[in-house]
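The values are calculated or read from the model by the stated rules, or taken from the named source; none is laboratory data. Remember, it's a predicted structure, so these values are computed and weren't measured experimentally. Ideal geometry is used to build each Cβ from the backbone, glycine not excepted, and the neighbour counts take in all protein chains shown. Heads up: the accessible areas ignore ligands, DNA and RNA and are worked out on the full protein's heavy atoms, side chains in. Shrake-Rupley method; radii C 1.70, N 1.55, O 1.52, S 1.80 Å.
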Amino acid sequence: MSESAVSEKQTSRRGRWAALAGGGLVVLLGAGYVGTAAAVTNKVPDGTKVAGVDVSGMSSTRAADAVEKHTSGLLSRPVTVHADGKSITLDPAKSGLSLDAGQGVDGLTGFSLSPTVVKEHLFGVTQDRPLRAKADLDKLAAAITAEGGTFKGSATNGSVRFDNGKVVVTRSTDGTGIQADAAARQIAAGWPAKTSFTATIGHVEAPLTNAELDAFVRDFANPAMSGPLKIKVGDKVAELTPQDVCEFLSAKVTDGKIAPVVDEAKLKSALDSLSNTLTTAPVNAHYGANGAIVEAKNGTEVDPTGAAALVVKALTATDRTVTLKTKPVAARMTAADLKNLGTTQISEFVSPYPTGPANAARTTNIKVALSKINGMIVAPGEQFSLLQALSPIEASNGYVEAGVLIDGRHGKGTGGGISQVSTTLYNATFFAGVQLDEHTEHAYWIPRYPMGREATLWVPTIDNKWTNDTGHPIRIQAGTEGNAAVIRLFGTKTFNVKTTTGPQFAFTDPKTRYLDESGCEPQTPAQGFSVTVTRTVTDLSGKVVKSESRTTKYIPQDRVICGPDPSKARASSSATSSRKPTSSSTSTSSTAAKPSSTSTPATPSSTKK
């Protein structure tokens with residue numbers, strides 16, 4: 001090989017080595033750049049602020065948290081609107097204003113090979129990113145209108161109330177106030193940099209127009225009160241009157257729109273009042289009449305899920321029917337649980353009842369009612385409903401027609417007399433020291449009952465409920481002994497009871513009422529009065545666990561005379577004699593003698609006496 005060939009080959013070899021060396025350097029430099037970019041771009045560049053919050057060197061998550069904390073502070077600062085020398089304040093978060101904290105930190109971190117981005121992360125940058133404010137103009141205007149309603153002469157939305165089965169309407173009125181739409185646009189443009197704004201005053205229409213109000217009354221409110229609402233569960237149907245519906249139905253104006261609102265808790269109470277008709281109550285294991293154990297039976301209860309929406313729909317439907325399902329309810333006590341039943345008598349009450357042929361039907365009802373609760377077991381923590389235990393109070397369940405109180409006077413009704421059972425049970429539970437949940441006294445005092453310590457019943461609204469809070473099962477023994485209703489409670493003695501009955505006070509005098517109608521029963525008069533009963537319950541160590549006082553106001557028992565009111569008859573006769581006789585002249589004394597339904601207080605006056 002010639003020298004020139006050798007020299008050329010050596011030169012070529014040196015070139016390849018140089019090229020390889022240069023390429024490796026480029027690769028090493030590139031790898032270093034990528035590594036540097038990856039290392040620095042996962043943190044926010046130094047010198048970075050978002051809405052004044054320094055987030056330098058933070059991770060994306062920490063930066064977002066810091067900005068979120070700052071925006072919470074901004075949202076807690078009230079917005080003030082001044083107008084006509086007055087001012088209102090708005091809660092930004094509740095008035096349709098918000099800040100996008102996430103937008104403020106978007107793009108501040110994250111891998112990038114951009115030389116500009118890498119440079120900013122290596123050497124820092126001076127920047128203060130603003131936060132993007134968002135405004136729901138309709139909601140903001142509505143909030144301004146609502147707060148502006150405090151201005152004298154401001155526009156006022158109308159309203160609809162459901163009262164005692166009737167629709168009560170208040171009309172909307174225009175007025176003078178803040179121009180809400182213009183003020184909302186002004187706030188949206190300036191907030192959060194500004195929190196104080198000046199608005200203009202002018203004529204303002206009520207957000208809810210009277211045309212919209214009239215449409216609601218026509219399309220919903222009037223139909224809603226037009227008749228009873230049927231509640232259907234399986235093949236059973238019960239009804240709620242318009243008055244019942246008023247207890248849970250209302251109308252609410254929101255952002256200038258009126259819509260029905262159902263109070264779900266009150267609706268559930270209304271449905272519970274129908275449980276005796278629509279469902280089957282669970283029955284705890286108990287002792288039968290022959291002393292044998294009767295096994296427990298599970299029951300059902302109305303499932304109120306979705307009931308509110310169904311009620312609103314049904315109130316304007318042709319059939320006015322709400323169809324609901326039931327859900328199972330397990331009995332609280334099984335036969336096995338009876339093994340732990342205490343045998344100590346913890347209370348007793350004896351209530352003598354009147355006898356004789358005139359009271360035979362009443363005595364039958366007392367015995368029927370006592371037999372239905374005899375042997376029943378009330379589990380620890382369980383609430384007992386006497387109305388539920390005795391229902392249905394119908395002839396098919398053994399009850400007969402007997403004396404009741406109707407509008408404060410004597411009358412007839414199925415189940416008359418079972419209030420004596422209610423009073424007997426009430427006193428048994430009173431002296432057992434258990435929790436007394438619900439009871440109602442008679443409208444006027446009946447001397448065979450302890451004053452201020454008695455309880456009536458009326459389907460479906462007046463019940464006698466108590467809860468077993470002794471921590472142990474309670475067995476009810478109920479029956480008659482001689483001419484008295486007797487109830488004894490057995491279990492584990494937990495409480496001692498002391499009680500006092502104060503003197504009568506606040507006496508009121510009876511009136512005389514003439515009733516010229518069939519079935520009238522004469523009634524002797526008696527004064528009304530008030531009386532206070534106290535109960536102190538202690539545990540077995542002597543510690544007071546209940547200290548209760550209840551004042552009962554009894555209305556007077558009016559004198560009832562069966563026949564026409566003589567004064568009305570004389571007035572009618574005088575009026576007749578002052579004009580020429582005609583063939584159509586008749587006496588009006590019988591209609592004039594009808595008692596007014598407002599002649600007695602609001603205390604329940606229709607009861608199973």
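Per the Debye calculation on segment 367-480 with a single equal scatterer at every Cα and no solvent contribution, log₁₀ I(q)/I(0) for q = 0.19 Å⁻¹ amounts to -1.02. Just to verify a number: FRET efficiency for N483 and A336, C-beta to C-beta distance, R0 = 56 Å, to 0.05? So the FRET efficiency works out to roughly 0.90.
Residues in segment 482-494 carry Karplus couplings, in order, of x, 10, 9, 7, 10, 10, 10, 10, 10, x, 10, 5, 10 Hz; the curve used is 6.51 cos²θ - 1.76 cosθ + 1.60 with θ = phi - 60°, and Gly or Pro positions show x. Modelled this way, with points 7 Å down the Cα-to-C-beta line, the labels at R171 and H472 are 7.0 nm from one another. Computed on protein heavy atoms with a 1.4 Å probe, the accessible areas place H410, H70, H203 in the order H203, H70, H410, largest first.
In this calculation the C-beta distance from Q504 to A360 is compared with R0 = 25 Å, giving a FRET efficiency of 0.15.
Using 0.36 nm per residue and subtracting the Cα-Cα separation, the extra length available between Q383 and K232 on full extension is 51.8 nm. For segment 340-440, the dipole from Cβ point charges (+1 on Lys and Arg, -1 on Asp and Glu) about the Cα centre works out to 320 debye, to the nearest 20.
Projecting the Cα positions of F490, A443, F505 onto the charge dipole of segment 421-528 (unit charges on Cβ atoms of Lys, Arg, Asp and Glu, taken about the Cα centre) puts F490 furthest along the positive direction. The lysines whose alpha-carbon is closer than 25 Å to the alpha-carbon of K568, local same-chain residues fewer than 8 away aside, are K511, K580, K594. Here segment 398-511 is assigned +1 on the Cβ of each Lys and Arg and -1 on the Cβ of each Asp and Glu. Its dipole about the Cα centre then comes out at about 280 debye. Tell me, in nm to one decimal, what length is gained between V329 and A309 on full extension, where the rule is 0.36 nm per residue of separation less the Cα-Cα distance? Going from the current span to full extension adds 4.8 nm. Each Lys and Arg Cβ is given +1 and each Asp and Glu Cβ -1; about its Cα centre, segment 341-562 then shows a dipole of about 500 debye. Only aspartates and glutamates eight or more places from K232 in sequence, or on another chain, were considered; those with a Cα closer than 13 Å are E301, D303, D319. Selection among T300, T318, A289 by position relative to the dipole of segment 285-325 gives T318 as farthest towards the positive end (Cβ unit charges, Cα centre). The amide H of Q504, built 1.01 Å from its N in the peptide plane, has no neighbour under 5 Å, considering only residues 5 or more places off or on other chains.
In whole percent, and with a 1.4 Å probe on the protein chains, what portion of the accessible area of segment 346-453 is carbon and sulfur? Ligands and nucleic acids excluded, carbon and sulfur reach 51 percent. When all protein chains stay in place and ligands, DNA and RNA are ignored, the 1.4 Å accessible-area order of T423, T195, largest first, is T195, T423. Here's how it looks for S56: its modeled amide H is under 5 Å from those of G47, T48, which are all 5 or more places away or on a different chain.
Ranking T344, S422, N397 by Cα position along the charge dipole of segment 341-562, where only Lys, Arg, Asp and Glu carry charges on their C-beta atoms, puts T344 farthest toward the positive end.
In segment 232-299, the portion of solvent-accessible area held by carbon and sulfur atoms comes to 49 percent [1.4 Å probe, whole percent, DNA, RNA and ligands not counted]. Within the accessible surface of segment 151-200, defined with a 1.4 Å probe on protein heavy atoms only, the carbon and sulfur portion equals 48 percent. In straight-distance terms, cross-link reach from K412 covers every one of the lysines whose alpha-carbon lies under 17 Å from its own, apart from those fewer than eight places away in the same chain; here that gives K608, K609. Once each part is reduced to its C-alpha centroid, what is the distance from segment 453-480 to segment 129-181 in angstrom? Their Cα centres are 50 Å away from one another. For K546, the residues whose modelled amide H falls within less than 5 Å of its own, excluding neighbours fewer than 5 places apart on the same chain, are V537. Just to verify a number: what accessible area does R185 come out at with the full protein assembly present, 1.4 Å probe, Å² rounded to tens? Estimated to the nearest 10 Å², R185 gives 140 Å². With the simple spin-label model, which puts each label point 7 Å out from Cα in the Cβ direction, the T344 to T241 separation comes to 4.7 nm. Beyond 30 Å in Cα-Cα separation lie the following of the pairs K297/K498; K166/K257; K297/K543: K297/K498; K297/K543. Measuring spread by the Cα atoms of segment 212-336 yields a radius of gyration and Dmax of 18.9, 68 Å.
The label-point distance for E205 and K49, in a model that sets each label 7 Å from Cα toward Cβ, rounds to 4.7 nm.
Shape summary: segment 341-562 maps onto an equivalent ellipsoid whose semi-axes, from the alpha-carbon gyration tensor, are 31, 22, 13 Å in decreasing order.
Using the Stokes-Einstein relation with a Kirkwood hydrodynamic radius computed over Cα pairs, the translational diffusion coefficient of segment 52-97 at 20 °C and a viscosity of 1.002 mPa s comes to 171 µm²/s. Structure shown: which of K372/K546; K236/K325; K94/K134; K230/K372 lie over 20 Å apart, alpha-carbon to alpha-carbon? In this structure, K372/K546; K230/K372 exceed 20 Å between Cα atoms.
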